[in-house]
Amino acid sequence: MNEVPSVAAATPSGSSPIGYANSAGLTKLLIRNFLLTLISLGFYRFWARARLRRYFWSNILLGGEPLEYTGTGLELFIGFLIAIAIIAPFGIGYAILQRIVLGSPTGEAILVVGYVLALFVFVQIVVFRARRYRLSRTVWRGIYAAQSGSAWRYFALSLLYSLVALLTLGLGYPWRSVALERYKIDHSWFGESRFSLEAKARDLFPRWLVVMALLIVPLLAMIALNWNYVPELIRAQAQAQANPAAFKFPHPVAPWLLAVSVLGGGPALIWYWVASFRYITSRTRLGDIRLSSAAKGSSVLKTVFVFGLAFLASGLAFVVIFASVGAMFSGMAVALGGGKAAGAGSVATMVVVGIAVFVPIYLGALIGFQLLTYRLLRVPILRHLATTIEIDNLAAVDGIMQSPRPRQKFGIADSFDIGAI
Amino acid sequence: MAERRWPAHHNDGRVAAFHPATASLESDGLVIDAQGGARLALWPYSEIRLLGGAAGEARLRLGRVDSAERLTILSPDALAQLEPRCAKFHHSVAGRPEWRLIALWASAAVATLVILFWLGVPFLARHSSQFMSPRLEAELGNRAVETIIKLTTAGNKEGAPTECDAPAGLAALATLATPLTQRLTLRNPPRIRVVNSPTINALALPGGQILLFKGLLDFAEGPNEIAGVLAHELGHLALDHPTTLMIERGAAAFVIGLIAGDVFGVSVMGGIAATTLNATYGREAEDAADHRGSELMAAAGLDQRPMSDFFTRLVTKQLDGDIPIAFLRSHPPSEERAKLFRSVPAGGRSALDAAQWQALRGICG
């Protein structure tokens, strides 16, 4: 092994062993994916997702060497076919039940509870399995990553700790997230080398208390204060759907509580989330290799804030464009109809012109929003989280062997759009 | 002569370490030699894939199909030489799953969908509609009626009523309908409303609701034509078609949303599915409703032959091309349908007298 070059020799100089290349072509890729998905009535989305992952994986450089994503759109598509064969009967059963119980409060309540429970089970299993597929398609230096463990175990763990968190009114949440992270990380592999996490939920607890104070407590207080009004509130909400201006809070303190939970609780949650990422990463090991993270909550918060402003500004621009085109269009419609009830011919013309005018605006807004989200939110956060990771003793990676474990064939769970890229 | 040998790093797919190597172009493939000279690997050109590394780098990352072996050539010049030699240079390094597997699962998925659409959904819809409580069914119908009235009267003049309810007209409508409805037992008693819309149409909806549109009253030339249309819609109700269709529509919208993903938003796709399926109950159901309606007319002692004329006029109007399409799609007028009513035995009374007929036509004021 003495002829093997040291990692440093193969690494471009730089303090952090994890780099983000931010290579050109993301905008082009997103637009291309969007158009092809549109033209194919949605069927291209599997290939689109595989391409996007290949792009992001290859932009993360570990010791100068990019990660590699070897999954294909075809695999995702087959996973989707399998999922259809399994899931469609359940969905149809639900749709039918929904219509049978429509209008009966008890029936609707039972169905909603059943739906939420089934969704909970489903989401846990999908999250775990999708992660397994993604890891099994991740290669670095010719060695595959992998995930062992059982999705049902993961679900049972999640159920148990969710109940704990629920019964403690949210106080137990850090125990839930640490338990689930530990299960995922302890079952993650790079070749024959296994990751491990040594973390204690009580280290996260003080920060979580801040979130509790700013987010959960105001929300719970709002519910408690308005408890007597809950039936009224539901009625008010039903009315508000017909007439949004009619909605009002039954209790005078409620709007202030809501303001605290949105303006204080939102940032607090992001801050906690980054702290939790930093803590979990810094407690993760791969054999003798240790990770550490210096991710900053303030940095992520700034990104979110800038994105929020840009989002509001472009949303406003979109409303203005839509309204002015709409005004032009209705002027034209009046001219066509001549003020009287329009005949069949002019109705058809209006429909065609309307589609030709509004569909491009709508699609433009959709792709614009996607570009904005990637450019101003996802990429900056990914870059910050990735480049603030330090790896101690990376040289030890040289001896890691490939695992003979067979790899998962298709991304079945991956065909459900849960979680990020 | 261009360079054909370059320094490289080889990953053998067994261990994570880089092996310093030399890569050279040979006739049978890319040869990878260790620095000491020992041969590490020979990659046939057809198996070489270009890996998308970070762009703009002074190195070329290569993979071998269906293998974890990787090669990093430390010179960008190699690209121009390798690209023409490697036929599948830009293909995926993952190789292809077996086509048999693809075919197997594709046909399994298609089979599931076909079975669901053509057998499962109709069967379940038919049976679940019977378990629906009348009150819930009425609620379902009310929601649909509200939407339909809103949509079909959107073009009306501001302030014009959406429903027609002149008292004399309502009385005439009751006189016309009672002989037909009293012979039916439905979960919900039928409720007939007249919508102030120029569409030539009539609809049966869940919960015993029937909507007659003003355009239909204007188009009809006698009370028995309206009675015939009403009997047909009652036939749909008696056969449970509206509720069954509603349930089917919901299930179909769900599946289409699932298949198409979220390009346009599932709800939009669901809406498209709903309108597409809105079109017809299917020919069989229409024929069944025709026959049921005809029986009702006969039992009430009403003359059915005007229906033949009604359909003939609809066909003409359709050929003239100036008819709103809704009725055509849900009730295709055809010579055959005209013929059905021509073949019924002659005789029977008129559903309304002249004064009542005028009152009915004036129901919208």
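Pop the C-beta distance of A:L166 and A:F329 into the FRET formula with R0 = 56 Å and round what comes out to the nearest 0.05.
The calculated FRET efficiency here is 0.65.
Other residues lying with their Cβ under 11 Å from the Cβ of A:P174 contribute a combined charge of +2, Lys and Arg counting +1, Asp and Glu -1. Sorting A:V101, B:V114 from the fewest to the most surrounding beta carbons within 10 angstrom yields B:V114, A:V101. In this label model, B:A298 and B:S24 are separated by 9.7 nm, measuring between points 7 Å along each Cα→Cβ vector.
The simple spin-label model puts a point 7 Å past each Cα toward its Cβ; for B:H291 and A:A317 those points are separated by 6.4 nm. A:S276 sits among other residues whose Cβ lies under 12 Å from its own Cβ, and their net charge, with Lys and Arg +1 and Asp and Glu -1, is +2. Residues of the range B:61-75 with an amide N closer than 11 Å to a point placed 7 Å from the Cα of A:K28 along the Cα-to-Cβ direction: none.
The distance linking the range A:260-326 with the range A:141-204 is 23 Å (Cα centroid to Cα centroid, whole angstrom).
Quote to one decimal, in nm, the extra length available between B:E284 and B:F117 on full extension: 0.36 nm per residue of separation minus the C-alpha distance between them. If you can, show how the numbers build up before the last one.
Working: separation 167, 0.36 × 167 = 60.12 nm, distance 1.68 nm.
Full extension from B:E284 to B:F117 adds 58.4 nm.
Taking only alpha carbon atoms, the range B:1-41 gives an Rg to Rh ratio of 0.99, where Rh is the Kirkwood radius.
Translational diffusion coefficient, Stokes-Einstein: compute it for the range B:64-154 using the Kirkwood radius over C-alpha pairs as Rh, at 20 °C and 1.002 mPa s, and state it as an integer in µm² s⁻¹. If you can, show how the numbers build up before the last one.
Values: Rh = 20.0 Å.
D, rounded to a whole number, is 107 µm²/s.
Diagonalising the gyration tensor over the Cα atoms of the range B:30-92 and scaling each eigenvalue by 5 before taking the square root yields semi-axes of 18, 15, 11 Å, largest first.
Where a number appears in this text, it was derived from the coordinates with a stated rule and is not lab data. No experiment lies behind these values; they were computed from the predicted model shown. Reconstructed Cβ throughout: ideal geometry from the backbone, glycine too, with neighbour counts over all protein chains shown.
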